[in-house]
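A quick write-up on the structure given underneath.
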Amino acid sequence: MAELERSTEACGARFIIPGDDEWPLQLEDLGQVSVAGQAGEPVGLWVRGLPLSGLAGGVAIVGARAASAYGENVTLEVAADLASGGRVVISGLAFGVDAAAHRGALGVRGLTVGVVASGVDDPYPAANRILAESMTRSGAVVSELPPGARPTRYAFLARNRIIAALSEAVVVTEAAARSGAKNTASWASALGRALLAVPGPVTSSISVTPHRLIRDGAAILCTCAADVEEVLGPLGSADQGDGRGAERPLDRLAPDLLAIREAVQPREEVTAAQLVARTGQRMFDVLANAGELVEQGWLDEVDGGFTLPGRR
């Protein structure tokens, strides 16, 4: 036990249990359902990053590790738009769709949570360690396994239930017929979470699961973040008496900076002249404000113009 406490402290993690102030109450739902013989609320979680109690309003985005360029681009866009609107983006920190979901949220300085199938001290896969470190400063990395634990097939399936339970909705962007995302979708349905799926090419083997979910009426068709918000309703509407919902990360920008940032649409490159036309600001002000947004990480500068982070 002492060794476990030392390893937890050494990696900057903490161990939380049901009843702690930080414990997400929605995990209690896991004690009422089962999927493929698996059930049960975690006995505890190791957490690196921000308190989980402050990460409400989550939407999980899951899918194929071997995602296509289409799948990653759609995931980036949906995640960024959800995070810009104040949603917490939740996924599993794997390759492909998972990593794109986390990067989409981080690209707009939003919040994101990764539920891993290994210890939080050494998230799997190793190639995503830098991504995981970024997430501990703008969200959290979570596991029900202790530091030092290595991933197993069972651990991947078990963590899917936590991803679904932490979320208000689960979005499947790309997934083959036997993808782990199919298991996460099953948990979402069992838990009564909203389930959405993104359509893809009818010839694509990694769009089989989303297409089947939509065809069978198990999932709502999703093409953008607005589809998710339409299903869930305004963020914070049930909990916040003033009706304003949660503050978006973008709302902290000065008005002139916010006007420039919101004039740049996903997957497009805009010139300074286009920003002048869209915002009504003078060219001098556009260049100064866009330059400040680049320095702050809200925009990327490309040859001849600007784009949203991660869209090149």
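Of all the helices (runs of 4 or more DSSP H) wholly in the stretch 86-166, which have at least 2 residues that are assigned by TED's automatic domain parsing to the domain that holds Leu196 and closer than 22 Å to Leu308 by Cα? Can you show your working first?
On the way: elements: 97-107, 129-137, 153-166.
Hits in the stretch 86-166: 97-107, 129-137.
Consider Arg212 carefully, then state whether it is part of a helix (DSSP H, G or I), over 24 Å from Asp81 (Cβ atoms) and either touching a residue at least 12 places away in the same chain (Cβ under 8 Å) or not β-branched (Val, Ile, Thr) (or both). Considered against the rule, which asks whether it is part of a helix (DSSP H, G or I), over 24 Å from Asp81 (Cβ atoms) and either touching a residue at least 12 places away in the same chain (Cβ under 8 Å) or not β-branched (Val, Ile, Thr) (or both), Arg212 comes out as yes.
Just one of the listed residues (Ser91, Ser68) is closer than 25 Å to Leu299 by Cα, modelled with pLDDT under 95 and hydroxyl-bearing (Ser, Thr, Tyr), namely Ser68. With respect to the conditions (1) among the hydrophobic types (A, V, I, L, M, F, W, C); (2) under 22 Å from Asp300 (Cβ atoms); (3) free of Cβ contacts under 8 Å to residues at least 24 places away in the same chain, Ala126 lacks only one, and its number is (2).
Annotation note: of Val116, Val120, the sole residue that is buried (at least 23 other Cβ atoms within 10 Å of the Cβ), of a type outside the set (D, E, K, R) and at pLDDT below 90 is Val120. The test for being touching a helix residue (DSSP H, G or I) at 6+ places or on another chain (Cβ under 6 Å) and either outside any helix (DSSP H, G or I) or modelled with pLDDT of 90 or more (or both) holds for Ile260. The residues of the stretch 1-43 that are surrounded by 11 or more Cβ atoms within 10 Å (Cβ to Cβ), part of a helix (DSSP H, G or I) and modelled with pLDDT of 85 or more, listed by number, are Gln26, Leu27, Glu28, Asp29, Leu30, Gly31.
The values are calculated or read from the model by the stated rules, or taken from the named source; none is laboratory data. Keep in mind that what you see is a predicted model, and the values were worked out from it rather than measured. Because the Cβ atoms are built from the backbone with ideal geometry, glycine has one as well, and the counts that use them run over all protein chains shown.
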